[in-house]
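Structure first, then comments.
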Amino acid sequence: MSMQRMVRVSLEHPTSAVCVAGVETVVDIYGSVPEGTEMFEVYGTPGVDIYISPSVTRHRERADTRRWHFNSGLEIIVIMNSPSNDVNDSHVQISYHSKRKPMPLAYAVLYLTCIDITLDCDVNCEGRQDRSFVDKRRWVWGPGGYGAILLVNCDRDDLNCNDQDNSDQHVHCLQDLEDMSVMVLRTQGPAALFDDHKLVLHTSSYDAERARVYHACGPEDSCEAYRHVLGQDKVSYEVPRFHGDEERFFVEGLSFPDSGFPGLISFHVTLLDDSNEDFSQSPIFTDTVVFRVAPWIMTPSTLPPLEVYVCRVRNNTCFVDAVAELAKKAGCKLTICPQAENRNDRWIQDEMELGYVQAPHKTFPVVFDSPRNGDLQDFPYKRILGPDFGYVTREPRDNSVCGLDSFGNLEVSPPVVANGKEYPLGRILIGGNLPGSSGRRVTQVVRNFLHAQSVQSPVELFVDWLSVGHVDEFLSFVPAPNGKGFRMLLASPNACFKLFQEKQNWGHGRALLFEGVDNEKVKTVSINQVLSNRNLISYNKFVQSCIDWNRELLKRELGLTEQDIIDIPQLFKTERRKAMAFFPDLVNMLVLGKHLGIPKPFGPIINGRCCLEEKVRSLLEPLGLHCTFIDDFTPYHLLHGEVHCGTNVRRQPFAFKWWNMVP
């Protein structure tokens, strides 16, 4: 509801005023009072509700119930709920009285014209009985909340354009309008009022940089009908009356929430009195709506897969075929980036992260392009950006990018509850250094962006002990039928040594790792050699301590117990004082529903089977998961990556609507 407006009356001549339906008008009767006034009466024509209220208590009574003592503490409040048919077709009459005279000392007449003005949008009142009590000037989170939602129009619906839909001030195709939020200005009242009054749609210069408004000024089946009226260099627009009582506007977001921008954007419509040529226009009423820009949302590996991405390079044909077969089993689409486009950059996980944006009227995927800018840097923009597929990126101005800015270092957990707080969309996991250390960290602009989305509160893990430095090198999540609905997999040197010691005790100490690897440079090593390598054992104790640090942090921040964690056997070796996988990193897997594409470890063969594969199967298959071991040794492992690093997945959005949570 708008603030009250005050109108002053005169004894010398009638006064005219415009009031807005449902909005209180305070009538000032104290500025012009006949001498000797002790009491007053107030009457109005039908349709005019008049109340007398002590200004302190705000307890009000209807004015026509009695004659009132003249007291400066009283207020006359006028409300009209229906628009007028003609200008000045209603009025209020005030009569001033003295106890010593039977006739009124004087009269004051206020002529009223009522107009109904509302700036409406979908405030997302799911399940609300009465939307009229919603304050459009506020945006409220939670299941009982409300507020309009705005999408960043970052896709490219018109393939004839070279840029995103919100890159210019034009509507190039009608499908583009589906990504925008509708805002409707409704007015009811006598048309003659607008001979000397006007309606102005406006916003702040700050908000104009972050959203754009189009006015439907003609037949809505033509792109030419949509006039750019607000946004960037335009902060106000006098609304012509093209369609009489209703004007439709289409709003597109230009910016995601980010540092210094919480995501809230306000639009206002103001009724201005322009009747006096000698004075500037005066405001009568303002209505306001607030939009929240929808956040970019990541999808965890436990959500159903829709599309798998992989690069074809000169030496990974068998790998691509294996990924294609797994995608077929999982029933999802496969997209292969050819070598001509990737220029032998195979790390498609590092190049991008696939998420989505959502409003009540529309949901579409959005690719987040990492600042790593390898030879794959053009792929997200040139090949993925398109109709109903958006694009966003963040790059530091000083080009201060390190290996941690690749998006193998950007993951998200499934939904969790931790420390009494629900995270129905999970929590983002990014890798960094220890508190207070000077090690590597994700660039500030990316961290700012992730935190500003508000709905997947990020957790920073310790990864600087790793050579590559990505969270997917020591953890992943898989779906599970019980408990929290998932399990977290952690790489575990302790579990690997325990397994090898067990096999050694059973007389299999001579069984060889790396037997069968199709690479003559790779030398086999026995279980006995591994268990007698003091440097390897010592280094893996250090690695285990680093993983255990993260383990306790994840248990605390994700609300996990030991029953939610599965230790996957894994060893690491040191290179330039940083850790790398000793054999293909088993947790660095591709998760497609119940189908897992796991790096083939080439572990010791015992009784005709790889003991590492058998151990992993024994841990994961009871959860209803199907393990497929993919040979990535030469094209990926030897280049310091694995299956997860060489693939990417677009997944179904969460069923949970982000606006129903409380950040």
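The values are calculated or read from the model by the stated rules, or taken from the named source; none is laboratory data. Note that the structure is a prediction, hence the values are computed from the model and not measured. Cβ: placed from backbone, ideal geometry, glycine included. Neighbour counts: every protein chain shown.
Here the strands (runs of 3 or more DSSP E) wholly within the range 555-663 that include at least 2 residues being aliphatic (A, V, I, L, M), more than 26 Å from V367 (Cα to Cα) and at pLDDT 95 or above are 565-569, 578-581.
The rows are residues; the columns are (1) of a type in the set (F, W, Y); (2) touching a residue at least 60 places away in the same chain (Cβ under 8 Å); (3) surrounded by fewer than 17 Cβ atoms within 10 Å (Cβ to Cβ); (4) in contact with an Asp or Glu (Cβ under 9 Å, 6 or more places away or on another chain).
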{"position": "S532", "(1), (2), (3), (4)": "no, no, yes, no"}
{"position": "F542", "(1), (2), (3), (4)": "yes, yes, yes, no"}
{"position": "N550", "(1), (2), (3), (4)": "no, yes, no, no"}
{"position": "K555", "(1), (2), (3), (4)": "no, no, yes, yes"}
{"position": "T561", "(1), (2), (3), (4)": "no, no, yes, no"}
{"position": "D567", "(1), (2), (3), (4)": "no, yes, no, no"}
{"position": "R576", "(1), (2), (3), (4)": "no, yes, yes, no"}
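Selection of the range 512-533 for residues being among the basic types (K, R) and modelled with pLDDT of 95 or more yields only K523. Here H59 fulfils each of the conditions (1) touching a strand residue (DSSP E or B) at 6+ places or on another chain (Cβ under 6 Å); (2) in a loop (DSSP other than H, G, I, E, B); (3) of a type outside the set (K, R) apart from (1).
Can you name the residue in the range 412-464 that is in contact (Cβ under 8 Å) with a residue 60 or more places away in the chain and at positive phi and, of all such residues, is surrounded by the most Cβ atoms within 10 Å (Cβ to Cβ)? The extreme case among them is G426.
With the structure loaded, tell me whether V42 is under 51 Å from the mean Cα position of the chain (by Cα) and β-branched (V, I, T) or whether it fails that test. The answer is no for V42. Name every residue in the range 38-67 that is buried (at least 17 other Cβ atoms within 10 Å of the Cβ) and under 12 Å from I94 (Cα atoms), in order of residue number. M39, F40, V42, G44, I50, A63, listed by residue number. Determine whether the range 313-332 contains at least one residue that is of a type outside the set (A, V, I, L, M) and under 16 Å from Q652 (Cβ atoms). Within the range 313-332 (the criterion being of a type outside the set (A, V, I, L, M) and under 16 Å from Q652 (Cβ atoms)), the answer is yes, since at least one residue qualifies. If only residues of the range 72-98 that are at pLDDT below 85 and in contact with a Pro (Cβ under 8 Å, 6 or more places away or on another chain) are counted, the one that is nearest to G22 (Cα to Cα) is L74.
If I go through the range 261-283 residue by residue, how many of them are at pLDDT 95 or above and either polar (S, T, N, Q) or assigned to a loop (DSSP other than H, G, I, E, B) (or both)? The number of residues fulfilling the criteria is 4.
Scanning the range 92-109 for residues that are part of a strand (DSSP E or B) and either among the aliphatic types (A, V, I, L, M) or within 50 Å of the chain's Cα centre (by Cα) (or both) gives V92, I94, A106, A108, V109. Only one of the numbered conditions (1) within 47 Å of the chain's Cα centre (by Cα); (2) exposed (fewer than 15 other Cβ atoms within 10 Å of the Cβ); (3) at pLDDT 90 or above; (4) outside any loop (DSSP other than H, G, I, E, B) is not met by M6, and that is (3). Those residues that are in contact with a His (Cβ under 8 Å, 6 or more places away or on another chain) and among the hydrophobic types (A, V, I, L, M, F, W, C), I need them from the range 305-350; list them, please. Of everything in the range 305-350, those that are in contact with a His (Cβ under 8 Å, 6 or more places away or on another chain) and among the hydrophobic types (A, V, I, L, M, F, W, C) turn out to be L326, A330. The selection criterion, being crowded, with 16+ Cβ neighbours inside 10 Å, in contact (Cβ under 8 Å) with a residue 24 or more places away in the chain and assigned to a strand (DSSP E or B), does not hold for V87.
Screening the candidates V23, V78, V27 for the property of being of a type in the set (A, V, I, L, M), assigned to a loop (DSSP other than H, G, I, E, B), buried (at least 17 other Cβ atoms within 10 Å of the Cβ) and under 51 Å from the mean Cα position of the chain (by Cα) yields one hit, V23. Go through the residues of the range 305-313 one by one and say whether even a single one is touching a residue at least 12 places away in the same chain (Cβ under 8 Å), surrounded by fewer than 22 Cβ atoms within 10 Å (Cβ to Cβ) and over 31 Å from the mean Cα position of the chain (by Cα). Yes: the range 305-313 contains one or more residues that are touching a residue at least 12 places away in the same chain (Cβ under 8 Å), surrounded by fewer than 22 Cβ atoms within 10 Å (Cβ to Cβ) and over 31 Å from the mean Cα position of the chain (by Cα). Which residue is farthest from L272 (Cα to Cα), if the candidates are limited to the range 90-116 and must be among the polar types (S, T, N, Q) and surrounded by fewer than 20 Cβ atoms within 10 Å (Cβ to Cβ)? Here the answer is S98.
Number of residues in the range 365-404 that are of a type in the set (A, V, I, L, M, F, W, C) and in contact with a helix residue (DSSP H, G or I) (Cβ under 7 Å, 6 or more places away or on another chain) equals 3.
Scanning the range 138-168 for residues being in contact (Cβ under 8 Å) with a residue 60 or more places away in the chain and exposed (fewer than 15 other Cβ atoms within 10 Å of the Cβ) gives a total of 4. For V323, the requirement of being part of a helix (DSSP H, G or I) and surrounded by 22 or more Cβ atoms within 10 Å (Cβ to Cβ) is met.
Total residues in the range 523-554 satisfying the condition of being out of contact with any helix residue (DSSP H, G or I) (no Cβ under 8 Å at 6 or more places or on another chain), not β-branched (V, I, T) and not in a loop (DSSP other than H, G, I, E, B): the figure is 17. Summed over the range 330-387, the residues that are at pLDDT 95 or above, among the small types (G, A, S) and part of a loop (DSSP other than H, G, I, E, B) give a count of 2. Residues that are surrounded by fewer than 18 Cβ atoms within 10 Å (Cβ to Cβ), over 49 Å from the mean Cα position of the chain (by Cα) and part of a loop (DSSP other than H, G, I, E, B) within the range 477-522 comprise W506, G507, R510, E520, listed in sequence order. Once the range 388-415 is narrowed to residues that are in contact with a Lys or Arg (Cβ under 6 Å, 6 or more places away or on another chain) and not in a loop (DSSP other than H, G, I, E, B), the residue that is nearest to N162 (Cα to Cα) is D405. Of the residues making up the range 263-278, just one is touching a strand residue (DSSP E or B) at 6+ places or on another chain (Cβ under 9 Å) and surrounded by fewer than 13 Cβ atoms within 10 Å (Cβ to Cβ), namely N276.
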